[in-house]
Amino acid sequence: MTKTNALILTSLLALSAAAPLHADDATTKTVGEVYEERAALEGQQVMVQGEVVKVNAGIMQRNFIHVQDGSGDVLHETNNLVITSQDVAAVGDSVHVTGTVVVDHDLGFGYFYPVLVEEASVTVAE
């Protein structure tokens, strides 16, 4: 293999590794499972379905959408998954969310999240 071909191959491999995952590549999980499996899911794409229970729009150039699906534990605060997205949803919407799991994320100002699903696409179910 020539040096040029090796460089091209290396570049293509790097680009394919950096390509964003699509919803088809995401693992479907419940809110409770995302919390339970957070260490293994860190950096992975997940899809969660649930109901929007709270929205904080336009905070730090993103929307914070809280989703619940009936799983998780209220006492241990593992029943409410916070999603960050550029998409919008309203309280009461049934949504499909696909994004990247981030663990132990400190946004400052007292906002610490043991689990976040960031840069999510949010689709309101019809």
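About its Cα centre, how strong a charge dipole does the range 22-124 have in debye, to the nearest 20, once Lys and Arg get +1 and Asp and Glu get -1 at the Cβ?
It works out to roughly 280 debye.
Per residue of the range 90-102, in order, report the coupling 6.51 cos²θ - 1.76 cosθ + 1.60 (Karplus, θ = phi - 60°) as ³J(HN,Hα) in whole Hz, putting x for Gly and Pro.
10, 3, x, 5, 8, 10, 10, 10, 10, x, 9, 6, 10
Set the Förster radius R0 to 22 Å, insert the Cβ-Cβ distance between residue 88 and residue 37 as r into 1/(1 + (r/R0)^6), and round the FRET efficiency to 0.05.
Once the sixth-power term is evaluated, E becomes 0.20.
According to the Cα gyration tensor, what semi-axes, each the square root of 5 times an eigenvalue, does the equivalent ellipsoid of the range 46-126 have, listed from largest to smallest in whole Å?
Each semi-axis is √(5λ); the values are 18, 16, 11 Å.
Just to be sure I understand the model, the point goes 7 Å from the Cα along the line to the Cβ. What's the resulting residue 118 to residue 53 distance in nm?
Placing both labels 7 Å beyond Cα along the Cβ direction yields 2.4 nm.
For residue 28, put the label point 7 Å out on the Cα→Cβ axis and report which residues of the range 41-73 keep their amide N under 20 Å from it.
41, 44-52, 67-72
Using θ = phi - 60° and the Karplus curve 6.51 cos²θ - 1.76 cosθ + 1.60, what whole-Hz ³J(HN,Hα) does each residue of the range 32-42 get, with Gly and Pro shown as x?
x, 5, 4, 5, 4, 9, 4, 5, 6, 8, 3
From the phi of every residue in the range 54-63, what ³J(HN,Hα) in whole Hz does the Karplus formula 6.51 cos²θ - 1.76 cosθ + 1.60 yield, where θ is phi - 60° and glycine or proline is x?
For the range 54-63, the Karplus-derived couplings read 6, 9, 10, 8, x, 9, 6, 6, 7, 9 Hz, x marking Gly and Pro.
Rule-based calculations on the coordinates, nothing more; no lab input. Source: prediction; values computed, not measured. In this analysis, Cβ positions are derived from the backbone assuming ideal geometry, glycine residues included, and neighbour counts consider all displayed protein chains.
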